[in-house]
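What follows draws every value from the coordinates through simple rules; no lab data is involved. Bear in mind that the values here come from a model prediction, so they are computed numbers and not experimental data. Ideal geometry is used to build each Cβ from the backbone, glycine not excepted, and the neighbour counts take in all protein chains shown.
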Amino acid sequence: MDGLPALKKDWVVTQASFDLLLQHLDTDRERAGEKYEQVRQKLTKFFQWRGCTTPEEFADRALDRAARRLGDGTAVPGQDVYPFIHGVAINVLREHWKDAQKHTVKSLDESAAAQNIGTDDPRNVSERELEQAQRERRLECLDVCVNGLPPQQLKLITQYHQGEGGARIARRNALAEELRIPLNALRIRAHRIRGELETCISECTKREDASK
């Protein structure tokens, strides 16, 4: 399933947090959904203009983090929540640039270190084995949680994450038409399912770790 193995902490958003974000956008649920879509489009352009190759995913990450912060009790100054969301988006962008820089430096460091440290160094092997075990455990839990979804939710989240770039956008538009719902309503449904999956995965990995 494209996209799902990359579930991250930023995606952990409770239903209450997400509803709180919508309430900050508008007290009317339908208008809140429309404003959510408008904000998402603004953020997509924000990340696109700054060279992010997957601006829609960065926009989703910023919205998810904003919702999570609201759920944690962060107060929003004034009546307009957009400046708060925009500030979160700026932090997400800064982290992206910082991570990209670290990745470049790390790649150079690893290349130089490879000339001096053998691949059979026990410390390197131990760390790699631990990371690999953690990844495998998370992927196993992902399979368990995905397979535990009701058929309709499984179909929606699977098709929602299919494809890349323009093909993914076209697929989501087609899925919204198939379900006879607005595109922003589809995103909200996928958002909720994704949050449920992340909660399930987190609980699963904790159980696995406890049983070791």
Task: Backbone HN-Hα couplings from phi across segment 27-34 [Karplus 6.51/-1.76/1.60, Hz, Gly and Pro as x] - done: 6, 7, 4, 5, 5, 4, x, 5
Task: Label-to-label distance, nm, for residues given as TRP97 and LYS42 (7 Å Cα→Cβ offset) - done: 2.1 nm
TODO: Would you mind counting up the charge near GLU203? Only other residues with Cβ under 13 Å from its Cβ, with Lys and Arg at +1 and Asp and Glu at -1.
DONE: 0
Task: Most to least packed among 128-140, 198-210 [average Cβ atoms within 10 Å] - done: 198-210, 128-140
